[in-house]
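The values are calculated or read from the model by the stated rules, or taken from the named source; none is laboratory data. Remember, predicted model here, so these are calculated numbers, not experimental data. All Cβ positions, glycine included, derive from the backbone under ideal geometry; neighbour counts span all protein chains shown.
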Amino acid sequence: MTTPTTMPAAFIGHGTPMNALADNRYTRAWRDFGRSVPRPRAILVVSAHWYTNATAVTGMAMPRTIHDFFGFPRELFEVSYPAPGLPELYEEVADAAHPDWVGCDVDSWGIDHGTWSVLLHAFPEADIPVVQLSLNANQSLDEHLELGRKLQPLREQGVLVIGSGNIVHNLGAVDFSRPDHGFDWAHRFDDAAREILTGNDAAAVAALDAHRDFDLAVPTPDHYLPLLYVAGLADGTPMRSLVDGYAAGSLSMAAYTLGADCPTGDGATEDPSGLVAPDAPAEQSNI
């Protein structure tokens, strides 16, 4: 197995867990990204769905597939992503983060749907070790950005870093009558982020909390924070748009790559968002 001097990185707008089972322009873009990158030694995912009160890394040899949602079809709960872990990667992350403390989780978490719904398409064989890095709810936007910067040495050791969340993520405003459209405020905030990310100062996305639409686009920080890790890695290098679009008015499906040369998604399907209304109310569905 060979890896380049520096592995690519990506931020993926993962949307609903139903995208794990969907064939749409978003999931095809994720697939194309996975096919385009050199085979990683490991994949380190910063997922919106491991939002806790500490910074931690999964350290188990065989992480479990977590179905951290409810109100969705039974077939989604039957999905398994049996990728191995890589316990020794914990030490590398801890060294990179020094002097900040990083814990090792050997039995609590695993691979949540923010991770496996994307990797099922990008790396369907599930034969590359997967490790997750938690989001510390006690840290500021700038602190998350700085931790992302510190992860740069991992890319030079064959580790593919992926942030999985959504730049715009407001479940309270979900409108299922707008399956592939965004509200005006969602477009404004998403466009502001795009201008920054594709420019020469991706780190400036940490200052978007001053944007007039931030409170609507980011009512809770969990889905926005994974973006900051990849922006921190960019360090003046423009990111490239992998795919963009909206779901249910209030979700941005935008995805960006760093140091990757891959095609964009190959067109929409009848349901381009992959968004299927769950039985539970949208604000309780943890998508």
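Please determine, by comparing only the residues of the stretch 249-275 that are modelled with pLDDT of 95 or more and not polar (S, T, N, Q), which one is surrounded by the fewest Cβ atoms within 10 Å (Cβ to Cβ). Full working, then the answer.
Taking the stretch 249-275 as the starting set, the residues that turn out to be modelled with pLDDT of 95 or more are 249-258.
Pick out the ones that are also not polar (S, T, N, Q) and you get 249, 251, 253-256, 258.
On the way: 249: 21, 251: 30, 253: 30, 254: 24, 255: 29, 256: 28, 258: 23.
Applying the filter and picking the extreme gives 249.
Pull up the stretch 72-99, narrow it to residues that are touching a helix residue (DSSP H, G or I) at 6+ places or on another chain (Cβ under 8 Å), buried (at least 16 other Cβ atoms within 10 Å of the Cβ) and closer than 24 Å to residue 19 by Cβ, then point me to the one that is modelled with the lowest pLDDT.
Going through the qualifying residues, I end up with 72.
Restricting to strands (runs of 3 or more DSSP E) lying wholly in the stretch 22-120: which have 2 or more residues that are among the small types (Gly, Ala, Ser) and on the phi < 0 side of the Ramachandran plot? Walk me through how you get there before you give the answer.
On the way: elements: 42-52, 56-58, 103-105.
Once the strands (runs of 3 or more DSSP E) in the stretch 22-120 are filtered for at least 2 residues that are among the small types (Gly, Ala, Ser) and on the phi < 0 side of the Ramachandran plot, what remains is 42-52.
Output the number of the condition that residue 167 fails; it satisfies all remaining conditions of (1) within 18 Å of residue 231 (Cα to Cα); (2) in contact (Cβ under 8 Å) with a residue 60 or more places away in the chain; (3) in a helix (DSSP H, G or I).
Of everything listed in (1) within 18 Å of residue 231 (Cα to Cα); (2) in contact (Cβ under 8 Å) with a residue 60 or more places away in the chain; (3) in a helix (DSSP H, G or I), residue 167 misses just condition (3).
Of all residues in the stretch 235-248 being touching a Leu at 6+ places or on another chain (Cβ under 9 Å) and surrounded by fewer than 24 Cβ atoms within 10 Å (Cβ to Cβ), which is farthest from residue 201 (Cα to Cα)? Please lay out each step first, then the result.
Initially, the stretch 235-248 is screened for residues touching a Leu at 6+ places or on another chain (Cβ under 9 Å), giving 237-241, 247-248.
So of that shortlist, the ones also surrounded by fewer than 24 Cβ atoms within 10 Å (Cβ to Cβ) come out as 237-238, 240-241.
Details: 237: 7, 238: 7, 240: 13, 241: 15 Å.
Filtering the stretch 235-248 for residues that are touching a Leu at 6+ places or on another chain (Cβ under 9 Å) and surrounded by fewer than 24 Cβ atoms within 10 Å (Cβ to Cβ), the one farthest from residue 201 (Cα to Cα) comes out as 241.
Table: residues versus (1) within 24 Å of residue 91 (Cβ to Cβ); (2) surrounded by fewer than 22 Cβ atoms within 10 Å (Cβ to Cβ); (3) in contact with a Lys or Arg (Cβ under 9 Å, 6 or more places away or on another chain); (4) without any contact (Cβ under 8 Å) to a residue 40 or more places away in the chain.
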{"site": "28", "(1), (2), (3), (4)": "no, yes, no, no"}
{"site": "48", "(1), (2), (3), (4)": "no, no, no, no"}
{"site": "57", "(1), (2), (3), (4)": "yes, no, no, no"}
{"site": "62", "(1), (2), (3), (4)": "yes, yes, no, yes"}
